[in-house]
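Working notes, beginning with the structure itself.
The values are calculated or read from the model by the stated rules, or taken from the named source; none is laboratory data. The structure displayed is predicted, hence computed values, not measured ones. In this analysis, Cβ positions are derived from the backbone assuming ideal geometry, glycine residues included, and neighbour counts consider all displayed protein chains. The accessibility values were calculated without ligands, DNA or RNA, using every heavy atom of the protein model including side chains. Shrake-Rupley method; radii C 1.70, N 1.55, O 1.52, S 1.80 Å.
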Amino acid sequence: MVAGLLVAAVFLIPYAVMFGGSLKTRSEILAIPPSYLPREGAQWSNYLTMWDTPETPVAFNLISTIVISLCATLLVLLVATPAAYYTARFKFPGKTMFMFLVIVTQMLQPAVLTAGLFKQMLAMNLYDTWLAMILINAAFNLAFAVWIMHSFFASVPKEIDEAAQIDGAGKLRVLFRINLPLVWPGIVTAVIFTFVACWNEFAASLVILSTAENQPLSVALTKFVGQYSTAWQYVFGVSIVAIIPVILLFMLIEKRLIGGLAAGAVK
């Protein structure tokens, strides 16, 4: 138990310090010696004023982040699920090479492809649009989701599919009614990792989205860091707001994950 508390402290203390910093004035944050708790009283007004700052429209940035992350995650789920099922259940020419190419794409990151992505989005007339970032995020997270779900589909005995087909079930019904409940933990895992990756994406958003209202929170945070001064109270405050949806998603999906594990064990 002591070891668990120590590990928890290592991970939680930085967030506690960040939360404390969001309740301070800028001068108090830069004061020497520093203090962990606000000495001038908690500045809860920081969480109100940060939404209307000259640096960036945080409210629009939050909406942009939510829309891009949710839509990209949904697109990945719609494409990766049948792809993972097919590669796990059926043999086809070049299957080994196909799976190798899928995993190789994980070596490519938006940071090293920003110039190409910029030209491509311009050519497709998608520059500075949410759709551009939805497609980019989905493309760079699709391979990981396919590999995760592929292993779960492969762990389901093929005899279950054959028994369902003997009873008259078609391939789509076998996928959605038989396999999906058994691989639910894998789907949840893919959703969590994809959503978090889309939520934290920075490099491509910085290049593709030029309008302040369209930019996600990851880019908006940089606007508070200037060459000569930094609004640290807003940096901390926006960071706290940015991690809340991810925590809520994990809390919501955790029950589904446990339920999926139990269902898979029973079936």
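What number of lysine-lysine pairs in the chain show an alpha-carbon separation below 17 angstrom, given a sequence spacing of 8 or more or placement on distinct chains?
So the count works out to 4.
What order do you get for 186-192, 127-133, 10-16, 232-238 when each peptide is scored by the mean count of other beta carbon atoms within 10 Å, highest first?
Going by the mean number of other Cβ atoms within 10 Å, highest first, we get 232-238, 186-192, 127-133, 10-16.
Using bins 10 angstrom wide from zero, how does P(r) for the chain break down, in % of all Cα pairs?
Values per bin, smallest distances first: 6, 22, 27, 23, 14, 6, 2, 0.
Can you list residues whose amide H is under 5 Å from T53's amide H, if they're 5+ apart or on another chain and H is modeled 1.01 Å from N?
Those lying under 5 Å, H to H, from T53 are V58.
Give the separation of the Cα centroids, the range 78-154 to the range 184-221, in Å.
Using only Cα atoms to place each centre, the spacing works out to 15 Å.
Taking the Cα centre of the chain as origin, work out the dipole magnitude from +1 charges on Lys and Arg Cβ and -1 charges on Asp and Glu Cβ, in debye rounded to 20.
The dipole magnitude comes to about 620 debye.
Apply the Karplus parameterisation 6.51 cos²θ - 1.76 cosθ + 1.60, with θ equal to phi minus 60°, to every residue of the range 149-161 and state each ³J(HN,Hα) to the nearest whole Hz, in sequence, with x for glycine and proline.
Rounded to whole hertz, the list is 6, 4, 5, 6, 5, 5, 7, 7, x, 5, 4, 5, 5.
Once the Cα atoms of helix 232-266 and of the chain are each reduced to a long axis, what angle between those two axes, in degrees from 0 to 90 to the nearest 10, is obtained?
On a 0 to 90 degree scale, this one is about 20.
Ordered by residue, what ³J(HN,Hα) values in Hz, to whole numbers, does the range 68-75 give under the Karplus form 6.51 cos²θ - 1.76 cosθ + 1.60, where θ = phi - 60° and Gly and Pro are x?
5, 5, 5, 5, 5, 5, 4, 5
Once you put a point 7 Å from the Cα of M124 and another 7 Å from the Cα of E40, both along the Cβ direction, what distance in nm separates them?
4.8 nm
Which whole-number percent gives the relative contact order of the range 1-149, counting Cα pairs below 8 Å spaced six or more residues apart?
For the range 1-149, the relative contact order is 25 percent.
Hey, if you put +1 on the Cβ of every Lys and Arg and -1 on every Asp and Glu Cβ in the chain, which of L209, N46, V112 ends up farthest toward the positive end of that dipole?
Farthest towards the positive pole: V112.
Quick one: accessible area per residue over the range 24-98, 1.4 Å probe, rounded to a whole number of Å²?
About 60 Å² of surface per residue is accessible.
Averaging the inverse of every distinct alpha carbon separation and then flipping it gives the Kirkwood radius. What is it for the range 65-134, in angstrom units?
Over the range 65-134, the inverse of the mean reciprocal pair distance is 14.4 Å.
How large is the charge dipole for the range 61-206, taken about the Cα centre, if only the Cβ atoms of Lys, Arg (+1) and Asp, Glu (-1) carry charge, to the nearest 20 debye?
260 debye
What list of ³J(HN,Hα) couplings, whole Hz, do you get for the range 182-190 from phi and the Karplus terms 6.51, -1.76, 1.60, once you set θ to phi - 60° and write x for glycine and proline?
Ordered by residue, 3J(HN,Hα) equals 7, 9, 3, x, x, 5, 4, 4, 5 Hz.
For the range 1-73, just run the numbers: alpha carbon Rg, then divide by 2.2 N^0.38 Å, N being how many residues it has.
Output field value: 1.49.
With each run of n ≥ 4 DSSP H residues scored as -39500 (n - 2.57), what mean residue ellipticity at 222 nm is computed for the chain after dividing by its residue count and rounding to the nearest 500 deg cm²/dmol?
Here the helix-only value at 222 nm equals -22000 deg cm²/dmol.
List the relative contact order of the chain as a percent without decimals, with contacts defined as Cα pairs under 8 Å and 6+ residues apart.
31 percent
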